[in-house]
Amino acid sequence: APRYDGFGQFTQYFHSSTFGAEARNLVLLVIGSIAITLVSQFVAAEVVAHLPGRTGTIAKYLLTLPVVLPPILLIDVWAYLLNPSNGLINRILSELHLPQPGWLTDSHLALISILLIGFPWISNLGFLIFLGGVQHLPREIIEASRVDGVGRLRRVFAIDIPLLMPQFRIVTILAGVYSVQNFIPILLLTNGGPGNATYVPGLDMYQSAFQNSQYGYGMAIGTVLFIAMLIFTIIIMRTLRPRT
């Protein structure tokens, strides 16, 4: 029969042999995912929003279309691209007489390979959020900057980014939460390996609860993740406050 264990499951998890590797991998994934998302999708939104006429419309449709594709399809494509033996990327490197990395089978590159999935990381919800924000920037401010002779690059840093701080805040939160929750690519491509190079708490939670029937232990990991995401969200909400 079940028995109440208090904080025993939490203590067991914090003292587990994989906790350090899981925490390190998760922090790297969160930082990498947020940086990639903010830079790539904001730049894409800025470029697409200023494309003229029909070109801009076509670009919006093309970049939005992959959002509705099943994630498993994207994972399968990248599983082929990163295959160390007959993957497309290594074939191209072989033709160029360049080194052919092990990618997902190399403990030093496996985590980077997981972050590579989705390159160039444009077609995502963050792109739509930034695009909507850029398209609705106050036109009178944009026109005033042009009259003052402000260049396009300076306008991005002096006007667009400060006015789009609410968009940066929500995209940062969504990217961080998504990277914590989404262990599916790791489960399908590496299963946490090689060794513990890509092992993350979400995968540990799934394996403990649904493969090993350790539901209390899995729930403890899930609770730790919830608290960590809550603290992360509060920090971002207080840090990325609009100043305009």
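A compact table of results
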quantity	calculated
Hey, L88 over 30 Å from I221 (Cβ atoms) and open to solvent by less than 40 Å² (accessible area, probe 1.4 Å) or not	no
Scope the stretch 65-117; condition at positive phi and hydroxyl-bearing (S, T, Y); matching residues	none
Contacts under 9 angstrom Cβ, first residue in the stretch 152-168 being over 12 Å from F42 (Cβ atoms), partner of a type in the set (S, T, Y) and part of a helix (DSSP H, G or I), 6 or more apart	R154/S145; R155/S145; A158/S145; I159/S145
Filtered residues of the stretch 169-202 (kept if in a helix (DSSP H, G or I) and among the polar types (S, T, N, Q))	T172, S179, Q181
Selected residue [farther than 28 Å from F226 by Cβ, aliphatic (A, V, I, L, M) and part of a helix (DSSP H, G or I)] from V47, V27	V47
Which listed residue, of G192, G176, G222, is in contact (Cβ under 8 Å) with a residue 24 or more places away in the chain and of a type in the set (G, A, S)	G176
Qualifying position, being crowded, with 18+ Cβ neighbours inside 10 Å, closer than 25 Å to L29 by Cβ and polar (S, T, N, Q), among S107, S123	S123
Checking M205 against (1) exposed (fewer than 13 other Cβ atoms within 10 Å of the Cβ); (2) at pLDDT 95 or above, the condition it does not meet	(1)
Checking T37 against (1) open to solvent by 80 Å² or more (accessible area, probe 1.4 Å); (2) touching a residue at least 60 places away in the same chain (Cβ under 8 Å); (3) not in a loop (DSSP other than H, G, I, E, B), the condition it does not meet	(1)
Meets criteria (in a helix (DSSP H, G or I) and open to solvent by 80 Å² or more (accessible area, probe 1.4 Å)) for I231	yes
Single match in P162, P66, P99, P166 (criterion: in a loop (DSSP other than H, G, I, E, B) and not aliphatic (A, V, I, L, M))	P99
Condition broken by L189, with the remaining ones in (1) modelled with pLDDT of 90 or more; (2) surrounded by fewer than 20 Cβ atoms within 10 Å (Cβ to Cβ); (3) under 29 Å from T105 (Cα atoms) satisfied	(2)
Within the stretch 208-228, tally of residues that are touching a Phe, Trp or Tyr at 6+ places or on another chain (Cβ under 9 Å) and crowded, with 17+ Cβ neighbours inside 10 Å	7
Yes/no for S145 being of a type in the set (S, T, N, Q), in contact with a Leu (Cβ under 7 Å, 6 or more places away or on another chain) and under 26 Å from F42 (Cα atoms)	no
Unique residue being open to solvent by less than 80 Å² (accessible area, probe 1.4 Å), under 30 Å from D106 (Cα atoms) and either in contact with a helix residue (DSSP H, G or I) (Cβ under 8 Å, 6 or more places away or on another chain) or aliphatic (A, V, I, L, M) (or both) when the list is A197, A144	A197
Counted residues, the stretch 48-76 - those being aliphatic (A, V, I, L, M) and exposed (fewer than 14 other Cβ atoms within 10 Å of the Cβ)	9
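The values are calculated or read from the model by the stated rules, or taken from the named source; none is laboratory data. The shown structure was predicted, so the numbers you read here are calculated from the model rather than taken from an experiment. Ideal geometry is used to build each Cβ from the backbone, glycine not excepted, and the neighbour counts take in all protein chains shown. Please note that ligands, DNA and RNA were not included when accessible areas were found on the heavy atoms of the full protein model with its side chains. Shrake-Rupley method; radii C 1.70, N 1.55, O 1.52, S 1.80 Å.
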